[in-house]
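**Q** Once you've had a glance at the structure underneath, I'll fire off some questions.
The values are calculated or read from the model by the stated rules, or taken from the named source; none is laboratory data. Owing to the predicted nature of the structure, the values given are computational and were not obtained by experimental measurement. We place every Cβ from the backbone using ideal geometry, glycine too, and count neighbours over all the protein chains shown. Just the protein is used for accessible areas: all its heavy atoms, side chains included, with ligands, DNA and RNA removed. Shrake-Rupley method; radii C 1.70, N 1.55, O 1.52, S 1.80 Å.
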Amino acid sequence: APTVVLSEDFEGAATGWGPQAGGTGTNSWAITSAFPFAGTKALQGVPALTASDQRYTSPSVVLPTAGNGLTLSFQNFQVMEDRTGGCYDGGFIEVSTDGGTTYTQITTGLLTDPYDGPLATANPASNGGTAPAWCGDPQPYLKSVINLAPYAGQTVRFRFRVSSDGSVNRPEGWNIDNVEIKRCN
């Protein structure tokens, strides 16, 4: 039987969630009624017409050590500028194990919905053109599931990043709903 460790559908106050300073450009992340998966609201980040790197963080979560199948899942809808073999604009997820001081991109353990390819070098989050991202243009809502076993027993924070190269943007952007961390007993 699954045990839910964290659940957020963005219908209420989303306590502990919020935009994070320190990126590039104006941070557009907001809880909006534009493109919900279920209910009336979802989290939305829109790549800008200028180069941008926008961040949105979760509250701290103590991950259990016991049980199997520890995963993070969320519904993921994307309309972000893609390119052959990668992304001009895109989104990705990171994890922090030090209270949010530093974050590392999660690149392994994507059990469903793998990244679409690397960000173009003109994108400020591209890490020299090596950072993989999602950039479905469009991708209807799809459940993304990530294996969290490497972080079991730690206190973590997650950060969603949406970034753009400064040319074409898509007003739908990246929409995230029904975030859940769970494990099997």
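**Q** Return the pair list, or none, for Cβ contacts closer than 6 Å from residues in the stretch 152-174 that are more than 16 Å from G25 (Cα to Cα) to residues that are part of a loop (DSSP other than H, G, I, E, B) and open to solvent by 40 Å² or more (accessible area, probe 1.4 Å), at least 6 apart or on different chains.
**A** A152/T65; G153/T65; Q154/T97; T155/S60; V156/T97; R157/S60
Matching residues to (1) part of a strand (DSSP E or B); (2) not β-branched (V, I, T):
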position: P64; (1), (2): no, yes
position: G69; (1), (2): yes, yes
position: Q75; (1), (2): yes, yes
position: Q78; (1), (2): yes, yes
position: F92; (1), (2): yes, yes
position: D98; (1), (2): no, yes
position: T101; (1), (2): no, no
position: T107; (1), (2): no, no
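**Q** Now for a different question. For the stretch 66-74, indicate whether the set of residues that are in contact with a Gly (Cβ under 6 Å, 6 or more places away or on another chain), surrounded by 22 or more Cβ atoms within 10 Å (Cβ to Cβ) and touching a residue at least 24 places away in the same chain (Cβ under 8 Å) is non-empty. Don't jump to the end; show me each part of the working.
**A** Taking the stretch 66-74 as the starting set, the residues that turn out to be in contact with a Gly (Cβ under 6 Å, 6 or more places away or on another chain) are none.
No.
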